[in-house]
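Step one of this worksheet: look at the structure below.
Nothing in this text is a laboratory measurement; each read-out follows from the coordinates by a stated rule. Everything quoted here is computed from the prediction, not taken from an experiment. Note that we place each Cβ from the backbone using ideal geometry, even for glycine, and neighbour counts take in every protein chain shown.
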Amino acid sequence: MKLKLDSHISLLDPSLLLRPEQVYDGKPIDAFRDYTIDNTDPIRERVRRTYYEMHTNMTVDFVKSKMEKWLKFNHFKSTIKDALIRLNELVDESDPDTDLPNIVHAFQTAEKIREDYPDDDWFHLTGLIHDLGKVMAFYDEPQWCVVGDTFVVGCKWGKNIVYGDDSFKENPDTYNPKYNTEYGMYTPNCGLENLMISWGHDEYLYRFLIHNKAKLPKEAFYMIRYHSFYPWHAGGDYKHLLQDGDEKIRESVLKFNRYDLYTKSAAIPDVAALWPYYESLIDKYLPGVLEF
């Protein structure tokens, strides 16, 4: 598949308009989630290749196949801490904002939440584990079906999907009349929780938490399930499929996402010193050896 080499296209995230401050930890707002195409920049090209592969292969049937594979939770058993430590080996190939291992981002997110919401320990832990579903990348899954922004499959592609004006040309669902209309396989106002979202770490971790009976509040489940669903929560897509109550879910996701996204330029935390506190939260909300 050939990728366009237009070097002047800039795809800035609409959530820039929602950001509460102009500069976060010294990084200008227009430096986050910048998907400008530049074939001379290896990170930007890596990001673009990841999304083009994702958008080519992410069909309804593909998502169903990944659910069949992963929702048996029979791949490995681990404590939350040991699974998080594995993220030290992972650099997210879809992320234009950081080249640090994912565990660093996990602690950056959690610590900023802890600073702003000192009494909401469940929220601190949500920040720490929100990307834990990326452990799928260690079990023969290419990163394009693990990381990155998510979107609805089974209907017309959302207008605010990054690279979406070009990247779905080789996806067979683009040409399938069952799936390529405004509503596709859905009914009007069927509701957010009835949509099939592209497969990735969000949906997997959400299902993992349910399977392992996590004691987190419902708001945490929403934050985790939809934090990468930018075409919806930042771009405003899929309004015709939403129902009453979905806006409250969006408010929770936006509350979380300011910490997920805009802490990536913060100082690297002292992970070793922080572990005792976060281990106490793991013991409280997600104790023991769990099924992944």
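How much FRET efficiency would the formula 1/(1 + (r/R0)^6) give for E68 and K159, where r is the Cβ-Cβ distance and R0 is 45 Å, rounded to 0.05? Can you show the working numbers first?
Values: r = 30 Å, r/R0 = 0.67.
The value I calculate is 0.90.
A272 versus K77, label points 7 Å from Cα toward the beta carbon: distance in nm?
In this crude label model, A272 to K77 measures out at 3.1 nm.
Per residue of the stretch 175-186, in order, report the coupling 6.51 cos²θ - 1.76 cosθ + 1.60 (Karplus, θ = phi - 60°) as ³J(HN,Hα) in whole Hz, putting x for Gly and Pro.
10, 8, x, 6, 10, 9, 9, 3, 9, x, 8, 10
Assuming R0 = 51 Å, can you tell me the calculated FRET efficiency for the pair N176 and D116, based on Cβ-Cβ distance, to the nearest 0.05?
Numbers: r = 45 Å, r/R0 = 0.88.
Efficiency computed from Cβ-Cβ geometry: 0.70.
I want to check the label-to-label distance for K169 and H240. Put each point 7 Å from Cα in the C-beta direction and report it in nm to one decimal.
About 2.5 nm, to one decimal.
Report ³J(HN,Hα) in whole Hz for each residue of the stretch 202-218, in order, from the Karplus equation J = 6.51 cos²θ - 1.76 cosθ + 1.60 where θ = phi - 60°; Gly and Pro get x.
5, 5, 4, 5, 4, 5, 4, 5, 5, 4, 8, 6, 4, 8, 6, x, 4
In debye, nearest 20: dipole of the stretch 190-292 around its Cα centre with unit charges on the Cβ of K, R (+) and D, E (-)? Display every interim value, and only then the final one.
Working: 12 positive and 14 negative charges, 22 e Å.
Once rounded to the nearest 20, the dipole reads 100 debye.
In sequence order, what are the phi-derived ³J(HN,Hα) couplings for the stretch 236-245 according to the Karplus relation 6.51 cos²θ - 1.76 cosθ + 1.60 with θ = phi - 60°, rounded to whole Hz, with x for glycine and proline?
x, 6, 6, 4, 6, 9, 8, 10, 4, x
Taking H as built 1.01 Å from N, whose amide H comes closer than 5 Å to the amide H of L71, not counting residues under 5 places away?
Answer set, sorted by chain and number: none.
Mean separation of Cα pairs under 8 Å and 6+ residues apart, divided by the residue count of the stretch 95-157: what relative contact order is that in percent? Kindly include the intermediate steps, with their values, before the conclusion.
Working: 33 pairs, mean separation 15.8, N = 63.
RCO, the stretch 95-157: 25 percent.
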